[in-house]
Amino acid sequence: EAGVTQFPSHSVIEKGQTVTLRCDPISGHDNLYWYRRVMGKEIKFLLHFVKESKQDESGMPNNRFLAERTGGTYSTLKVQPAELEDSGVYFCASSQGKGNEKLFFGSGTQLSVL
Amino acid sequence: AQTVTQSQPEMSVQEAETVTLSCTYDTSENNYYLFWYKQPPSRQMILVIRQEAYKQQNATENRFSVNFQKAAKSFSLKISDSQLGDTAMYFCAFMGLASGTYKYIFGTGTRLKVLA
């Protein structure tokens, strides 16, 4: 069974540019989460999809971040325009069931904004 | 708001010995889940162990066990017979159910190094 895959694994962009991160959850997992970890800090929740619907987007930092999950399969997270403080590792995770099951994580995307 | 605190940024342990990683949390909820996740150097995080707050018995998974003290809001992870493959970042996480959403709150992590 394929795990959660994220693309790209690394991205280096300049301030003001746009970056789109992609997450393919495990097939059949309705729950999809985005998290971010800034160096040395905690892993922070960004948002939670149930199928194609945003269940909770309270962690999205501002309107420069846009997440989509068309068709309830893969998800994208776009940052436009990117700022220096957006640097960090962006993790995607998926789970089945009600959402209190264990999370399956992707390997993350290391985003560096210069 | 719920918070999770891991007060040990880094720890080391000799192979075959036992180590305990600490985690405290703050919540007003009575029903919730607690987790320990492990992120090896390859970066993909995996679940180590899970504890339901309504269960008094401490969860155990092979060499991994927890000491869950609900009144003290403490959830430490004990690794027995440490192996080199246990070297990783360990994250403690809380998930409350009161909000109706399944949002994990993570701590800052403890970097564990197992020494040969």
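The values are calculated or read from the model by the stated rules, or taken from the named source; none is laboratory data. Only a predicted model underlies this, so the values are computations on that prediction, with no experimental measurement involved. Glycine gets a Cβ as well: all are built from the backbone with ideal geometry, and neighbour counts include every protein chain shown. The accessibility values were calculated without ligands, DNA or RNA, using every heavy atom of the protein model including side chains. Shrake-Rupley method; radii C 1.70, N 1.55, O 1.52, S 1.80 Å.
Values for this structure:
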{"item": "Candidate set: region A:63-114, residues that are open to solvent by 10 Å² or more (accessible area, probe 1.4 Å), touching a residue at least 40 places away in the same chain (Cβ under 8 Å) and among the aromatic types (Phe, Trp, Tyr); chosen: the one nearest to B:Glu52 (Cα to Cα)", "result": "A:Phe104"}
{"item": "Which numbered condition B:Ile49 misses (of (1) of a type in the set (A, V, I, L, M); (2) more than 12 Å from every other protein chain (Cβ to nearest Cβ); (3) out of contact with any helix residue (DSSP H, G or I) (no Cβ under 8 Å at 6 or more places or on another chain); (4) in a strand (DSSP E or B))", "result": "(2)"}
{"item": "The one condition in (1) farther than 30 Å from B:Gln51 by Cβ; (2) open to solvent by less than 80 Å² (accessible area, probe 1.4 Å) that A:Arg36 fails to fulfil", "result": "(1)"}
{"item": "Number of the condition not met by A:Gly108 [criteria: (1) within 14 Å of chain B (Cβ to nearest Cβ); (2) over 20 Å from B:Tyr104 (Cα atoms)]", "result": "(2)"}
{"item": "Residues that are closer than 17 Å to A:Lys41 by Cβ, outside any loop (DSSP other than H, G, I, E, B), open to solvent by less than 50 Å² (accessible area, probe 1.4 Å) and not hydroxyl-bearing (Ser, Thr, Tyr), drawn from region B:1-42", "result": "B:Val4, B:Gln39"}
{"item": "Only one of B:Thr24, B:Thr3, B:Thr18 that is away from chain A (no Cβ under 12 Å), more than 12 Å from B:Phe75 (Cα to Cα) and in contact with a strand residue (DSSP E or B) (Cβ under 9 Å, 6 or more places away or on another chain)", "result": "B:Thr18"}
{"item": "Hits in region B:10-32 - residues which are in contact with a Lys or Arg (Cβ under 8 Å, 6 or more places away or on another chain) and modelled with pLDDT under 95", "result": "B:Asp26, B:Thr27"}
